[in-house]
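Read through the structure below, which is laid out as C-alpha cells, and then see the notes.
The values are calculated or read from the model by the stated rules, or taken from the named source; none is laboratory data. Because the structure is a prediction, the values reported are computed rather than measured. Using ideal geometry, Cβ is built from the backbone for each residue, glycine included, and neighbour counts are taken over all protein chains shown.
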Amino acid sequence: MNGKSAYSQAGVNIDEGDRFIQMVRQHIAQAWPGMEKEIGGFAGEVNIPLMVTRGSFSTDGVGTKLIIAAIANNFAGVGYDAVAMSVVDNYVAGLRPKYVLDYFATGKLIASKHIAIVDSVIEACQLAQCKLIGGETAEMPRFFRHDWFVDLVTFSVAFDNRPVELSVIRPGQKVFALPSFGLASNGYSLVRNVFGLTGAPSVARRKLFDKRIFGRPLQEVLLEPTPIWIQVIEDERQRGLQLSGMVHITGGGLVDNPPRVLPDDMKMIIDRATWRRPEIFGYIQERHNISVPDMDRTFNNGLMMLCILDSDSYLPANSDFKEVGVIELRSDNEPQVQLIGNYQ
C-alpha cells in the first residue's frame with residue numbers, strides 16, 4: 001500500500017476536494033457573512049420573499065473560451081462570463097436575479113489554482129447584486145481530453161419582488177446599447193481557429209503569451225470579461241428611464257437575439273455606423289475573410305445589451321449608452337432585425 005485511497009489512485013483526490021470546499025466557504029463568508037453555512041450541504045437554503053407570483057430561472061455556461069483560460073492559466077474573468085450569461089437573461093425578462101448556483105468540473109482539481117474561478121463568480125454576483133448560495137465541484141479524471149480542462153456553468157433564480165416594469169413595444173421607440181468591450185463569451189470555436197489555438201497546448205500557450213495585438217498580449221484580449229450592466233441600467237431607471245424591452249446579445253449575435261423580445265409585427269433597425277467596434281472584431285473578420293452578415297450572427301460586435309426606450313421623457317445620462325437604432329412596423333416577409341450602415 002502506498003498510503004493513497006483507492007479513489008485517489010483512480011484519479012479523484014477527495015482531500016483536495018475537501019480543501020477546495022473549505023476555501024470556497026471562506027471566500028463566501030468574506031463576500032456575504034453568514035452565507036458560508038449554506039456551502040457544503042446537500043442544497044442551499046434561502047428565504048423566498050412573500051407575495052412571489054412569478055419567478056425566472058436561467059442556466060448557461062462559458063463555452064470554449066474556457067479552453068483559452070485554462071491554457072493561459074488565467075481564470076480571473078471567467079466567473080463574469082458564466083454569471084453574466086445566466087443572470088442577465090433573468091434581468092432582460094424583467095426580474096432581478098437573486099441567487100446563483102454554479103457547476104465547476106475539471107480533470108484534476110487543484111484548489112489553490114481553481115479557487116480563482118470561484119472568486120470570479122463571487123465578484124460577478126456582487127456586481128449583479130445577487131448571491132452565490134452553492135454549487136457542485138466535480139473532479140473527473142480521463143473525462144476531458146486533458147486533465148487541466150475545466151467547465152463552468154451557472155444557474156440563476158429571480159423573483160418578482162423587484163420587477164423591472166416593461167411597457168409595450170411600439171413603433172418609433174429608440175434603441176440604446178451598452179458595450180461589450182470585446183468578444184464576451186460567444187464565437188470562441190471560430191476564434192480559436194482564427195488564431196491557431198486548436199493544436200498542441202504548448203504551442204497555443206506560446207501564442208497566447210508571446211503574440212501581441214493592439215499593444216496587449218493575445219490572451220488578455222481574448223479573455224476580456226463579459227460586462228454586467230444590470231446596476232447601470234437600474235441607476236438610470238431610478239433617474240426616470242422607462243423601458244419597453246431589453247436584449248442580451250449572446251449566441252446568435254445581433255441577428256437572432258432581438259426577435260426574442262419583439263412582437264411579430266415589429267422590427268428593429270440597427271445602424272452599424274452609430275458605434276465603434278472594438279478592434280478585435282475587425283481583426284477577426286479580415287483575418288478569416290468573414291462576411292459582415294456572418295459576423296453579425298456570430299458575435300456581439302461591440303454591443304452587450306440593447307435597451308428599447310418607452311419614451312423620450314428621459315434619455316440615459318450614462319455615457320456608456322449609445323443610441324443605435326429604432327423600432328418600426330414590420331411587414332410579413334421582412335426580417336425582424338435589419339442592420340444598416342457600415343462599422344466604424
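Which of the residues that make up segment 331-342 are assigned to a loop (DSSP other than H, G, I, E, B), more than 25 Å from the chain's Cα centre (by Cα) and either under 18 Å from N301 (Cβ atoms) or acidic (D, E) (or both)?
Narrowing segment 331-342 to residues assigned to a loop (DSSP other than H, G, I, E, B): 331-336, 341-342.
Narrowing further to those that are more than 25 Å from the chain's Cα centre (by Cα): 331-335, 341-342.
The answer is D332, E334, P335, G341, N342.
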Residue in segment 209-225 that is touching a residue at least 24 places away in the same chain (Cβ under 8 Å), surrounded by fewer than 13 Cβ atoms within 10 Å (Cβ to Cβ) and in a helix (DSSP H, G or I) present: no
Conditions (1) touching a helix residue (DSSP H, G or I) at 6+ places or on another chain (Cβ under 6 Å); (2) of a type in the set (D, E, K, R); (3) in a loop (DSSP other than H, G, I, E, B): number failed by R297: (3)
Qualifying positions in segment 302-322 - part of a loop (DSSP other than H, G, I, E, B), touching a Phe, Trp or Tyr at 6+ places or on another chain (Cβ under 7 Å) and either closer than 21 Å to V164 by Cα or free of Cβ contacts under 8 Å to residues at least 60 places away in the same chain (or both): P316, F321
Yes/no for G11 being buried (at least 16 other Cβ atoms within 10 Å of the Cβ) and small (G, A, S): no
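Among the candidates R170, R162, R192, R205, single out the residue that is modelled with pLDDT under 95, of a type in the set (D, E, K, R) and either more than 29 Å from G240 (Cα to Cα) or in contact with a strand residue (DSSP E or B) (Cβ under 9 Å, 6 or more places away or on another chain) (or both). It would help to see each step written out before you state the result.
Details: R170 fails: modelled with pLDDT under 95; R192 fails: modelled with pLDDT under 95; R205 fails: modelled with pLDDT under 95.
Matching residue, one of R170, R162, R192, R205: R162.
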Residues satisfying the stated conditions in segment 113-162, i.e. farther than 25 Å from G11 by Cβ, more than 16 Å from the chain's Cα centre (by Cα) and aromatic (F, W, Y): F159
Number of the condition not met by P141 [criteria: (1) in contact with a Lys or Arg (Cβ under 9 Å, 6 or more places away or on another chain); (2) in a loop (DSSP other than H, G, I, E, B); (3) surrounded by 15 or more Cβ atoms within 10 Å (Cβ to Cβ); (4) not polar (S, T, N, Q)]: (3)
Every residue from segment 284-330 that is more than 22 Å from the chain's Cα centre (by Cα) and among the aromatic types (F, W, Y): Y314
Failed criterion for D119 (all others in (1) in a helix (DSSP H, G or I); (2) of a type in the set (D, E, K, R); (3) touching an Asp or Glu at 6+ places or on another chain (Cβ under 6 Å) hold): (3)
Filter result for S56 (surrounded by 19 or more Cβ atoms within 10 Å (Cβ to Cβ), modelled with pLDDT of 95 or more, small (G, A, S) and not in a loop (DSSP other than H, G, I, E, B)): no
Residue identified as under 24 Å from S185 (Cα atoms) and either among the hydroxyl-bearing types (S, T, Y) or in contact with a helix residue (DSSP H, G or I) (Cβ under 7 Å, 6 or more places away or on another chain) (or both) among I249, I228: I228
